[in-house]
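Here is the structure we will look at.
The values are calculated or read from the model by the stated rules, or taken from the named source; none is laboratory data. This is a predicted model, so every value here is computed, not measured. Backbone-built Cβ (ideal geometry, glycine too); neighbour counts: all protein chains shown.
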Amino acid sequence: MCAAATSRSRRATPHRTYFRGNGRFSDFLVHEAAHIFHNCKRRTVGLPETRTREWLLDIEFRKRETFAYACEAYSCIVDLARTPATRMSLVEDLARGPLPSDERVDPMEYLDIVREAAGMRNGWKRILSRCAPRRRCADSAKSEGPCGVPRGTVRVVKAGGVGPRLRDPPG
């Protein structure tokens, strides 16, 4: 039982002060729920699992706290603001206030993630993409770039924007 809990009959219930954070951008429940997303396997909640999709959300290990703090701040911003301009104003308020003091969180990266999320229609997806592990193709050789494309290859879009094509660089 946590120190801030009250006991009623056989059940321990956290006292409401336990959930209060240090500021208006703090939300204990959202922060902890964000951790559940990267700690819980899909099969645990009845979702199909594949070799590449084992967890509810695939979050890079070193960015787990950044993800949770960004979700926490973004949740508060969305709750407090109805327009994109107001959301951006709140992000600037967040930047002026105390930032997470957790050593596992880079404060500038955290602010950048929240700023990007606040400027989008669906900021949750931006937070997820910024905290997801970088994908690498297993069959790429060292002389090749991502997914087997030779290093130095230039990606060119055809006139009219109809599909990309690859060509070797000049020389």
Does Arg62 count as part of a helix (DSSP H, G or I) and at negative phi?
yes
Scope segment 18-55; condition of a type in the set (Gly, Ala, Ser) and in a helix (DSSP H, G or I); matching residues
Ala33, Ala34
Being within 17 Å of Ser129 (Cα to Cα), of a type in the set (Asp, Glu) and touching a His at 6+ places or on another chain (Cβ under 7 Å) narrows it down to one of Glu72, Glu65, Glu60, Glu116, so name that one.
Glu72
Can you name every residue in segment 112-126 that is of a type outside the set (Asp, Glu) and touching a Lys or Arg at 6+ places or on another chain (Cβ under 8 Å)?
Ile113, Ala117, Ala118, Gly119, Met120
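The rows are residues; the columns are (1) part of a helix (DSSP H, G or I); (2) out of contact with any Phe, Trp or Tyr (no Cβ under 9 Å at 6 or more places or on another chain); (3) modelled with pLDDT under 95; (4) surrounded by 14 or more Cβ atoms within 10 Å (Cβ to Cβ).
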{"residue": "Leu57", "(1), (2), (3), (4)": "no, no, yes, yes"}
{"residue": "Ala85", "(1), (2), (3), (4)": "yes, yes, yes, no"}
{"residue": "Leu99", "(1), (2), (3), (4)": "no, no, yes, yes"}
{"residue": "Leu111", "(1), (2), (3), (4)": "yes, yes, no, yes"}
{"residue": "Glu116", "(1), (2), (3), (4)": "yes, yes, no, yes"}
{"residue": "Trp124", "(1), (2), (3), (4)": "yes, no, yes, yes"}
{"residue": "Arg136", "(1), (2), (3), (4)": "no, yes, yes, no"}
{"residue": "Ala141", "(1), (2), (3), (4)": "no, yes, yes, no"}
